[in-house]
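Here's the structure we're looking at; comments come further down.
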Amino acid sequence: MTRRYSKQELLLVGMGLLMGIAFRGLHTEQLAVEHFDEGVYASSTWYDSTAGQPWPMRHLYAPPLLQKTIQIFSAFPALSSVAPFLPSMLLGSLTILLLWWLGRSMFGQAAGLLLVYVVGLSDFHILFSRMAMTDVPVLFWTSLAVGVGMKGLQSRSVRTMAFAGLCVGIAWWTKYTGWLALAILVSGTGLWWILTGRREMSALELTKLLGSTVGTAIVVWLPWYLILNNVGGYAAVAANHGGYLIGLDGWQNRLASHMLYHFRFDSWLGPASIGLGLLAAGSRRWIELKRSTWNAAVDGTDNTAAAAFPSPAILGRFAASAVVLAVVAAGIGTAGILTCLAIGGMAGIFLWPTLQELYRRSVTNDRSAPVAGASPFYDADLNSAASIDPALSSCILVAWFSGMLLTTPMYHPFPRLSLPLLAAIWLAAAAGTTWWMEATINVARRGNGIAVTRQQAVMKRLVTGMVLVAVAITITGAGELRRPLVWQNRTSLRDASWHLASVVLQDVAGEYEDANPPKVLPTNTIISPDPEDDDNNAQGAVPTSLNQLEQKIVSSFNTNVPLAEVSRPTCAVYAYGEPAVLGHLHTAGLNVSPVQDVAFDSASLAGKKLPTYLIIGPNALRTPGMLNDWADQQYRFQHVTDFHFVPSEVVLYNLFSAEWVLQHPECRVQKLELHRLK
């Protein structure tokens, strides 16, 4: 039968979508480029036109689609301040709608409604949707490619499969891992064909369909592959990526790091998303089914028992599960509870094919009762079914989930790398939840046809007791719910950069004098306690390194008016490994440029030397070989001053491992060092 979306279902989808858009799009005044990769991608708005070429080695980081999109948005004056973040904001918001469609197509109405809220209110996804990064855009195109590919396989349409290949190509132009959708489709479809698909489709037809997707994707990406030949070829890109591949050694530790990231970024939004999603999915499914049975009873086309099905107890069970899972998620983390639902759900789908049976009935319009004396299937049942064969969907999902679970911890544990795995967890959790809901309804549909044994009743009470104990432990041990980090202020690095620009201009004019010159620090200390701080000593307080660092954090800076004119240079500022800082300095009006070593000479203009400065920040200190280079060249520079800032949580975990951050809270304050070439 043709799937119909009721007004009420679309209203629930719209509510979840609007909330998701609001969390991604509000408070843009808190945003500023700060991540290293953000600085590289956003450099298309200023460096390309200034230097007449892309940022050095930018092709190693990502293909050019995101950078070009940012550049296009920045051409509109009203959007220039948020241009770097708009691609992720827009595609991140569209991902909510996409995952609803994908979940509903793969597993049914309940899965789609749950995903609207889980994805829309995901702290992790919102954080990266507010960054100038490739990860959220490529996740959108990858998910779209997988969904369209399954639709093409379902309809045996070469044209649809080619469109899936186009989506893969766009993903590939966004990030070098854009081919991931091909791996998911090929491996998942292969598993499906081995298990059941060979009875429905020949190997030749399957090869033709998948070949159209692969061929289209390669053709779309081929121009960029050929362009790379001018800058070292794809081998250089692969070699650069290989530096982040660690392998299976320490796999479990990196998996633990990713789990810790999700727990750290989690807030009350996650548990709320699970509760709202389950309430929306469960209530909508029950109400539509109740309306169908009531209409059947009134029309006289069904027995009088129809009005008693589904019972209010089913709705109560759905509502109770929403509350219980939301409470448990507050204790063990949203990603944790979703992963449990995902694993249990995938196992249940294969062991008890409830969703498969519902899909079969919707295709054949079979409304007959499953057993004698049971309630038949109604319009609401068939309309809530998946539009893609759940057997195919489940195999695709198993390939997606298991592949990401295996490969993600094989790389350096940057937080953003787990987004594809998180998407698989979302879909699998929605599948598992929908499977449980439909199984619950089917058991109730049979009425008293199945007797409940004493042992089953005891087991049911035991499980209920265990759930209540788990909830009680969670409530007493969870502590205070964490506040969301999604609107965390990310302007500290920008403010530090503008303070630095102001000091540079003062130093050029001979008007700057450091009020806090650097001191000789005792061994194994970060900041030397001030022995003249009589107030602290009198009160018996022991100033800690973190306290001292926090006092040095720069204040906010008015960035509305440039401090100088780029067209009238009075100095030159170089930075080692800090593209975001250089972008802010350029906006402030300084002439800037990146360097890959510190052996450069003074800048000059019309044969006259200009005051030349060097910035060293946290990214430079983590670059292999930089400190050796600095040890050889530092005598050529004079230290001017330092600027302390607070990186956002996402950037902090990109700089340091989760374990290091927990053991060294002082790393939450970073600094930019300003040096002048003598």
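Assuming 0.36 nm per residue, please report the length gained on full extension of the stretch Arg483 to Gln8 beyond their Cα-Cα distance.
167.9 nm
With a 10 Å Cβ neighbour count serving as the proxy for reagent exposure, in which order, fewest first, do Lys678, Lys175 appear?
On the way: Lys678 9, Lys175 22.
Ascending Cβ contact count within 10 Å gives the list Lys678, Lys175.
Calculate, for Gln596 and Ser402, the FRET efficiency according to 1/(1 + (r/R0)^6) with r their C-beta to C-beta distance and R0 41 Å; round to the nearest 0.05.
Step by step, r from the Cβ atoms, then E = 0.55.
Along the charge dipole of the chain, Cβ charges K/R +1 and D/E -1, which of Ser648, Gln67, Leu315 sits furthest on the positive end?
Leu315
Determine, for Phe85, Phe350, the number of other Cβ atoms within 10 Å of each Cβ, and report the residues in order from fewest to most.
Least crowded to most crowded, the residues run Phe350, Phe85.
Straight-line reach from Lys208: which lysines fall under 29 Å, measuring Cα to Cα and dropping same-chain residues less than 8 apart?
Those lysines meeting the cut-off are Lys151, Lys175.
Tally Lys and Arg at +1 and Asp and Glu at -1 over the other residues with C-beta under 14 Å from the C-beta of Leu166: what net charge comes out?
That sum, taken over residues with Cβ under 14 Å, equals +2.
Near Lys671, which lysines are there with a Cα under 19 Å away, not counting those fewer than 8 places off in the same chain?
Output for Lys671: Lys519, Lys552.
With runs of 4+ DSSP H residues as the only contributors, calculate the mean residue ellipticity of the chain at 222 nm using -39,500 (n - 2.57) per run, divided by the residue total and rounded to the nearest 500.
Only helices count here, giving -19500 deg cm²/dmol.
How big is the gap, in Å, between the Cα center of the range 6-39 and the Cα center of the range 182-245?
31
Which three numbers, in whole Å and largest first, are the semi-axes of the equivalent ellipsoid of the chain derived from its Cα gyration tensor as √(5λ)?
54, 30, 21
Please give, to one decimal in nm, the separation of the simple spin-label points placed at Asp48 and Val323, each 7 Å out from Cα toward the Cβ.
Those two pseudo-labels are separated by 5.5 nm.
What FRET efficiency do you get for Val231 and Ala183 if R0 is 22 Å and r is their Cβ-Cβ distance, rounded to the nearest 0.05? Write down the numbers at each step before the final one.
Values: r = 26 Å, r/R0 = 1.18.
So the FRET efficiency works out to roughly 0.25.
May I ask you to sort Leu505, Leu546 by Cβ crowding, counting other Cβ atoms within 10 Å and putting the fewest first?
Working: Leu505 19, Leu546 16.
Exposure proxy ranking, most exposed first: Leu546, Leu505.
For the range 53-127, what are the per-bin percents of Cα-Cα distances with bins 10 Å wide, up to the bin holding the maximum?
18, 32, 28, 18, 4, 0
What is the helix-to-structure angle for 109-120, meaning the angle in degrees between its Cα long axis and the longest Cα principal axis of the chain, kept from 0 to 90 and rounded to the nearest 10?
Around 10 degrees separate the two axes.
Please get the size of the charge dipole for the range 532-678, origin at its Cα centre, with Cβ charges of +1 on Lys and Arg and -1 on Asp and Glu, quoted in debye to the nearest 20.
740
Of all the stretches in the chain, which is the longest one without any exposed loop site, taking GluC sites (Glu not before Pro) in a DSSP loop (any state but H, G, I, E, B) with at most 10 other Cβ atoms within 10 Å?
The longest such stretch corresponds to 1-479.
If you take the alpha carbon radius of gyration of the range 164-268 and divide it by 2.2 N^0.38 Å, what ratio comes out, to two decimals?
For the range 164-268, the normalised Cα radius of gyration is 1.42.
Obtain the nm distance between the two label points defined at Glu659 and Asp249 by a simple spin-label model: each point lies 7 Å from its Cα along the Cα-to-C-beta direction.
1.5
Subtracting the Cα-Cα distance from 0.36 nm times the residue separation, let me have the gained length for His639 to Arg622 in nm, one decimal.
Net length gain for the segment: 4.1 nm.
Readers should treat all values here as calculations from the given coordinates under stated rules, not as data from a laboratory. Bear in mind that the values here come from a model prediction, so they are computed numbers and not experimental data. Glycine gets a Cβ as well: all are built from the backbone with ideal geometry, and neighbour counts include every protein chain shown.
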